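The values are calculated or read from the model by the stated rules, or taken from the named source; none is laboratory data. Here the structure is a predicted model, which is why all the values come from computation and not from measurement. Here the Cβ is made from the backbone with ideal geometry for all residues, glycine too, and neighbour counts use every protein chain on show. In case anyone asks, the SASA skips ligands and DNA or RNA and just uses the protein heavy atoms, side chains included. Shrake-Rupley method; radii C 1.70, N 1.55, O 1.52, S 1.80 Å.
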Amino acid sequence: MSSRDPADLHESIRATALQFLVQANAVLKLTSPDLEVRFTCTWRPQFEQDALYAQGRTKPGPKVTWVTNSAHNTDLPETPRGDAEAFDVGVFEQGRYLPGANGRELALYQRLGPIGEKLGLVWGGRWKSSPDFPHYERANWRTQR
Ligand SMILES: [Zn+2]
């Protein structure tokens, strides 16, 4: 089971992630008090990443990931909890999850990206081939531990 607990983030990104959450909520609340940003994933076990990778390749469904080791599970073969260098957020309206499926919802995710970037995070929404709007990770996590 993947985690949405910030305690499962590596110390190199945890404080920034919590800062992001506070700032992102402040911005969305200006739009509507009904909106809220929450973590939807911090740490993900390797077997779940492997299952996601299989989707759209050896298993049915759309492709949802392009890597077998993401920043959610940084070490192969198994990342211990507390070692994730990425987090995903969800925007919720009156407690209902907004997946970013239409223009209005997507615009909400796009407003959050620059907040993360100002904090020095890499925002998945900038990825050209397959943008990942809810995703944020620590820059250079692959090379600098
Ligand atoms: Zn992610």
What distance in nm lies between label points placed 7 Å from Cα along the C-beta direction at Thr40 and Ser12? 2.6 nm
Largest first, please: the extent of the C-alpha atoms of the stretch 24-145 along each principal axis, to the nearest Å. 43, 35, 27
Considering Cα pairs under 8 angstrom that are at least six residues apart, work out the relative contact order of the chain and quote it in whole percent. 24 percent
In whole percent, how big is the carbon plus sulfur part of the accessible area of the chain, probe 1.4 Å, protein atoms only? 55 percent
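Working out 0.36 nm times the residue gap between Ser32 and Ala139, then minus their Cα-Cα distance, what length gain in nm do you get to one decimal? Working shown, then result.
On the way: separation 107, 0.36 × 107 = 38.52 nm, distance 3.10 nm.
Between Ser32 and Ala139, full extension yields 35.4 nm more.
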Would you mind getting the accessible area per residue of the chain, heavy atoms of the protein chains only, 1.4 Å probe, in Å²? 54 Å²
